[in-house]
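Novice: Below you will find the structure I want to go over with you.
Bear in mind these aren't lab numbers, they're just calculated from the coordinates by the rules spelled out. Owing to the predicted nature of the structure, the values given are computational and were not obtained by experimental measurement. Every residue, glycine among them, receives a Cβ derived from its backbone with ideal geometry; neighbour counts consider all protein chains shown.
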């Protein structure tokens, strides 16, 4: 196991050990449910689990390589949308039916992005219900893409207005 893979496993263990709100059954696929949170099974507890999402493989083989930590998380684990620090990570499930699902958010973003060749890969939104996208920005010649916040209002108006949040995914 590489150092990055071990760091991601520690991150997953940290998320799974933390107290988390149950998710309504309509928003959480079977693959990430653990136990019912109430007797009527309206809400479920969940955890990040090891698992594969074959739909990711074609995306990983695009010209720009994903950061190793990002690739390790999204290619080796399945999870519902979850909050961590100031972000709400998109869900990554084999069913593809979760609320704020990674694969749907990617294509929604690319469908409204004014430049169809834009070097962005959305993976989260700001915590608290904001509609801006948090993306990896592959436009830099750096080894790792930086993380940016792209304003959704500007994007729908045909412009890209962004703020750099971090110089890499793992910071």
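Novice: Please report, in whole Å, how far the alpha carbons of the chain spread along each principal axis, starting with the longest.
Specialist: Over the chain, Cα extents along the principal axes are 50, 40, 28 Å.
Novice: How tilted is helix 102-112 with respect to the longest principal axis of the chain? Cα atoms for both, answer in degrees (0 to 90, nearest 10).
Specialist: Compared with the principal axis, the helix lies near 30 degrees.
Novice: Determine the gain in length on full extension of the stretch residue 141-residue 86; use 0.36 nm per residue of separation and subtract their C-alpha separation, reporting nm with one decimal.
Specialist: Working: separation 55, 0.36 × 55 = 19.80 nm, distance 2.67 nm.
Difference between extended and current length: 17.1 nm.
Novice: If you don't mind, another one. Would you mind ranking 1, 162 so that the residue whose beta carbon has the fewest other beta carbons within 10 Å leads the list?
Specialist: Working: 1 8, 162 18.
Arranged by neighbour count, lowest to highest, 1, 162 become 1, 162.
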